[in-house]
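Structure record follows, encoded as structure tokens.
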Amino acid sequence: MDKKTLIGLVLIAATLIGFSLFNRQGADENASADNDKDSTKQEIVADSNATELPNSLIAQFDDNGDPIIDSVKGQLFLDTLTGEDTFLLIQPVLNDTTKQTIVENIDTNSVPEETYTLENEVLILEVTNRGGYIKNVFLKDYLSYEDYAAGNKNPLHLYDEISTYGLIYPEGANTVRTDQLAFAVVDQDDKSITLESNRNGKVVGFTYKMKPNKYDLDFDIYFEGFTDKEVASAQFTSDMYLLNNEKYYPNEKRQATLYWQYKDDDYDYIQNTESEDMEEVVDWVSFRSTFFTAIVSAKNGFGKKDSKVTLYAIEDQEQTTYVKQYGADLNLGTTKADNVVELNWYFGPADYDILVEYDNGTEDIVELGTGLFRWINKGAIRPLFMWLLDTGMGVGLAILILTIIVKLVLSPVNYKMYKSSAMMKVLKPEIEKITKKYPKKEDAMKKQQETMALYRETGVSPLAGCVPMLIQMPILFAIFRLFPSAIELRQTSFLWAEDLSTYDSPVTFGFSIPLYGDHMSIFTLLMAITTLLYTHYNSSNMQQPTQEGMPNMKFIMYFFPIMMIFFFNSYAAGLSYYYFISTLMTVLIMFAIKRFMIDDEKILAKIEENRANPKKSKGKSRFQQRLEDAQKLQQERAKNKKK
């Protein structure tokens, strides 16, 4: 490190330390000023009957002695202010960024909570009169992993009362939230319910209508007594916490995604902790875990103005109850008072076949990959897999037969690849002779030119084996996306795997090994072993690096299956099982090709014939010509440097 660099680092460090001390001094002064405030103000907070006080709550008074609540969001009981237990909603004053005032006396907690159950063949919903929203959702045909492992038959709990949704609308200079209003039932039967909240002559009504044997229900919102401006400014807001229902929480959290689709456009999504403002009218928004989702859609779309979606991380790192916190603030797009807004809720599985029936693009939330991989899954692999399942066979057997069919279809490609490999193997002694002929580093260019000439004379292309491999790779990646998201694998057992949608763990350690985990996946081990066998089978054809600095391909190929043991140990057992069967079949097919279809002596005779008759051998390919041109140019530059 030179003198100037050292001086620069010292100056930067001094600046940062000074800035830190300055900020700390300012914070200490602010804290001291807060401690000097009127003690009566602090007593109001201490005497309140708050069930949950925000950490930033500071009670203040204005010049007239009226109470002011500064820097607070949420709800609070303040019996010292009103003389009775009144539920108070604290909302910001939009024209004053330094203060927030008590703007609503909302009597929800003075009304006993009542829940109303709606039920059809697949759903159980519980609607609360406090906010008028659905506070609990149960799916009859599915189980949580915990209940599945314990043999219980409780319906899967999609989300609970911590999740809320409703409307936000203006009232004068204030803002009202319907999830804090008391609702009353005005109409109800076993499949539908209508609730209303009447505040100062302004009625907000929610109507829920279930459908036979469907996971979706109509959700209509109507307004009475509102001005056009108030209705046009109304927003749908939701704060959803989907419950963790799978075996492996890190995977559930990683796959939790918030999707939306713009009207007459493609879908978009966020998967990390972030917010996204809506750029166009939105058809629907989906809050998805690995295999289940809650989707809210609007018949006429949600307006783009002030609309946004947000994903929040669960703050407690040890929290495994909820997957993620999903937020959405969506403009209802209404422009006329006394209008009915037609929404729809879907609570159910992220099942491609179920969602595609709605014909609104929601099937795109099922993870099938993107681009070419998604096209392969939608057009070939998934339909074939579903057809096998429709015959009544088990999932494990269906994966086996799917693997056999895919490998047989690709067998011509495998034959081409192995034939190229066999020809390279025959030429290996000749290539070694060339390597010995030019051992010096400065002769690397001559060695490369003579090697390419050998390929041209014998009619062998070193790239002939790469093209077939490139053809197979999209299928491998497509299946990598398909099986972890296939709900058909969920809670389906096969051999020692109790659930093919998650990792198999017949061996558990009772402690965690870094980068590996606390269990041993047998399917992953089998996959890695067969990959090692395949690598060893092909290693004799691999050439050592002919130039310094080039990687040893044999080492890389052996290292890859070892890394797979760590990478796939916590992946879906169905995926590891497929790769195990696929690699095993590749080894068997290559053995059969070598044993019955490839004759090394005939290949050598063909190569010698091409060498003896250069006119019969193939001419230079474009790639070979470009490579030779590049080599000549490099040689000329090297000569010019020596001059």
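Determine if region 279-302 includes at least one residue that is acidic (Asp, Glu), more than 21 Å from VAL341 (Cβ to Cβ) and over 15 Å from the mean Cα position of the chain (by Cα). Within region 279-302 (the criterion being acidic (Asp, Glu), more than 21 Å from VAL341 (Cβ to Cβ) and over 15 Å from the mean Cα position of the chain (by Cα)), the answer is yes, since at least one residue qualifies. Scanning region 407-421 for residues that are buried (at least 18 other Cβ atoms within 10 Å of the Cβ) and among the aliphatic types (A, V, I, L, M) yields LEU410, MET417.
Suppose we filter ASP216, ASP266 for residues that are within 21 Å of ALA328 (Cβ to Cβ) and out of contact with any strand residue (DSSP E or B) (no Cβ under 9 Å at 6 or more places or on another chain); which single one remains? Walk me through it before giving the result.
Working: ASP216 fails: out of contact with any strand residue (DSSP E or B) (no Cβ under 9 Å at 6 or more places or on another chain).
Exactly one residue qualifies, and that residue is ASP266.
Scanning region 247-280 for residues that are in a loop (DSSP other than H, G, I, E, B) and within 14 Å of GLU367 (Cβ to Cβ) returns ALA256, GLN271. Restricting attention to region 212-230 and to residues that are touching a Phe, Trp or Tyr at 6+ places or on another chain (Cβ under 7 Å) and buried (at least 21 other Cβ atoms within 10 Å of the Cβ), the residue that is nearest to LEU118 (Cα to Cα) turns out to be LEU217.
Could you pull out the residue among ILE401, ILE376, ILE354 that is part of a helix (DSSP H, G or I), farther than 18 Å from ALA478 by Cβ and of a type in the set (A, V, I, L, M, F, W, C)?
Within the list ILE401, ILE376, ILE354, the selection yields ILE354.
Just one of (1) buried (at least 17 other Cβ atoms within 10 Å of the Cβ); (2) at pLDDT below 95; (3) out of contact with any Asp or Glu (no Cβ under 8 Å at 6 or more places or on another chain); (4) not β-branched (Val, Ile, Thr) fails for TYR145. It is (3). If you go through region 425-433 one residue at a time, do you hit one that is part of a helix (DSSP H, G or I), within 30 Å of LEU476 (Cβ to Cβ) and under 47 Å from the mean Cα position of the chain (by Cα)? The answer is yes; a qualifying residue exists. Which of the residues that make up region 422-445 are of a type outside the set (Ser, Thr, Tyr), in contact with a Lys or Arg (Cβ under 8 Å, 6 or more places away or on another chain) and surrounded by 12 or more Cβ atoms within 10 Å (Cβ to Cβ)? Matches in region 422-445: ALA422, ILE434.
Among the residues of region 325-343, which ones are within 17 Å of the chain's Cα centre (by Cα) and at pLDDT below 90?
none
Scoring TYR312 on the criteria (1) over 23 Å from PHE183 (Cα atoms); (2) aromatic (Phe, Trp, Tyr); (3) buried (at least 17 other Cβ atoms within 10 Å of the Cβ) leaves a single failure, condition (3). Residues of region 380-398 that are closer than 20 Å to ALA573 by Cβ, in a helix (DSSP H, G or I) and without any contact (Cβ under 8 Å) to a residue 40 or more places away in the chain: LEU388, LEU397, ALA398.
Just one of the numbered conditions (1) at pLDDT below 75; (2) hydroxyl-bearing (Ser, Thr, Tyr); (3) surrounded by 18 or more Cβ atoms within 10 Å (Cβ to Cβ) is not true of SER539: (3).
The set of residues from region 483-530 being over 18 Å from PHE580 (Cβ atoms) and of a type in the set (A, V, I, L, M, F, W, C) comprises ILE487, PHE509, PHE511, ILE513, LEU515. When restricted to residues that are in contact with an Asp or Glu (Cβ under 9 Å, 6 or more places away or on another chain) and not in a strand (DSSP E or B), region 158-176 contains 3.
Only a single criterion out of (1) at positive phi; (2) surrounded by fewer than 16 Cβ atoms within 10 Å (Cβ to Cβ) is not satisfied by ASN152, namely (1).
The values are calculated or read from the model by the stated rules, or taken from the named source; none is laboratory data. Nothing here was measured: the structure is a model prediction, and the numbers come from that model. We place every Cβ from the backbone using ideal geometry, glycine too, and count neighbours over all the protein chains shown.
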